[in-house]
1. State the number of residues belonging to region 70-124 that are in contact with a helix residue (DSSP H, G or I) (Cβ under 6 Å, 6 or more places away or on another chain), more than 30 Å from Ile51 (Cβ to Cβ) and hydroxyl-bearing (Ser, Thr, Tyr).
2. Restricting attention to region 138-152, and to residues there that are touching a residue at least 60 places away in the same chain (Cβ under 8 Å) and among the hydrophobic types (A, V, I, L, M, F, W, C), which single residue is farthest from Ala85 (Cα to Cα)?
3. Among the residues of region 60-79, which ones are small (Gly, Ala, Ser) and either touching a Ser or Thr at 6+ places or on another chain (Cβ under 8 Å) or touching a residue at least 24 places away in the same chain (Cβ under 8 Å) (or both)?
4. Out of Met120, Met46, report the one residue that is more than 21 Å from Trp140 (Cβ to Cβ) and in contact (Cβ under 8 Å) with a residue 60 or more places away in the chain.
5. Can you pull out every residue in region 57-80 that is of a type outside the set (Phe, Trp, Tyr), over 14 Å from Ala91 (Cα atoms) and under 15 Å from the mean Cα position of the chain (by Cα)?
6. Has region 69-82 got any residue that is of a type in the set (Ser, Thr, Tyr) and within 26 Å of Phe139 (Cα to Cα)?
7. Here are some residues: Ala48, Ala76, Ala85. Which one is out of contact with any Asp or Glu (no Cβ under 7 Å at 6 or more places or on another chain), more than 20 Å from Ala158 (Cα to Cα) and of a type in the set (A, V, I, L, M, F, W, C)?
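Taken together, the values in this text are just the output of simple stated rules run on the coordinates, not laboratory data. Just so it is clear, the model here is predicted, and its values are computed rather than measured. Glycine gets a Cβ as well: all are built from the backbone with ideal geometry, and neighbour counts include every protein chain shown.
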Amino acid sequence: MQRLLTPMIFLSLLLAGAIFGFFYAWICSTMWGLDTLEPNTAIAAMNAMNISVRNGVFMPAFFGTPVVLLITGAVAFLASQRKVAILILGAGLVYIIGAFIPTASVNVPMNIALEAYSEMLPTAQAQEIWNAYSPRWQFWNTLRTIAASITLMLVGVALYVLPRRA
């Protein structure tokens, strides 16, 4: 089990970093950019991105992260690395509660609801829809980004405290 643990922690680190980076990019550029657009254009662009994200590159990071974290935590326990196991399982719990559940229960349903607006709307109506959507979506995205950053940090700490072989 000990030989499997280090590669599993690195895989956990890679997945946690990938999903953190994905959520973070929405905070520091994507949503701010969309907010500067004419509202019909912002809605259309967001709808296009939400459709395009359903792919084989994103899905392993989003769905694989909690699975790999839980498996890595179990491997750490079996390898008698209690501190590492607690850190990794804690990372999994933070990710599931703070990133996975909000995404599935808030961000995705908001995205699906926005897809109903696929036709051009009067500007005032489009602005009202975007103004109701963007701040709320960004709030929940910020929450999941913070959770993903804590997940990444916990995995990094687990790697740091993992005893080195001589």
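1. Of the residues in region 70-124, 1 are in contact with a helix residue (DSSP H, G or I) (Cβ under 6 Å, 6 or more places away or on another chain), more than 30 Å from Ile51 (Cβ to Cβ) and hydroxyl-bearing (Ser, Thr, Tyr).
2. Ala148
3. Answer for region 60-79, where residues must be small (Gly, Ala, Ser) and either touching a Ser or Thr at 6+ places or on another chain (Cβ under 8 Å) or touching a residue at least 24 places away in the same chain (Cβ under 8 Å) (or both): Ala61, Gly64, Ala76, Ala79.
4. On the way: Met46 fails: more than 21 Å from Trp140 (Cβ to Cβ).
One residue alone meets the criteria, Met120.
5. Answer for region 57-80, where residues must be of a type outside the set (Phe, Trp, Tyr), over 14 Å from Ala91 (Cα atoms) and under 15 Å from the mean Cα position of the chain (by Cα): Val57, Met59, Pro60, Ala61.
6. No, region 69-82 contains no residue that is of a type in the set (Ser, Thr, Tyr) and within 26 Å of Phe139 (Cα to Cα).
7. Of the residues listed, the single one that is out of contact with any Asp or Glu (no Cβ under 7 Å at 6 or more places or on another chain), more than 20 Å from Ala158 (Cα to Cα) and of a type in the set (A, V, I, L, M, F, W, C) is Ala48.
For (1) β-branched (Val, Ile, Thr); (2) within 25 Å of Ala116 (Cβ to Cβ); (3) part of a loop (DSSP other than H, G, I, E, B); (4) in contact with a strand residue (DSSP E or B) (Cβ under 7 Å, 6 or more places away or on another chain), each residue gets a yes or a no:
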residue: Ile19; (1), (2), (3), (4): yes, no, no, no
residue: Leu34; (1), (2), (3), (4): no, yes, no, no
residue: Leu70; (1), (2), (3), (4): no, no, no, no
residue: Gly73; (1), (2), (3), (4): no, no, no, no
residue: Gly90; (1), (2), (3), (4): no, no, no, no
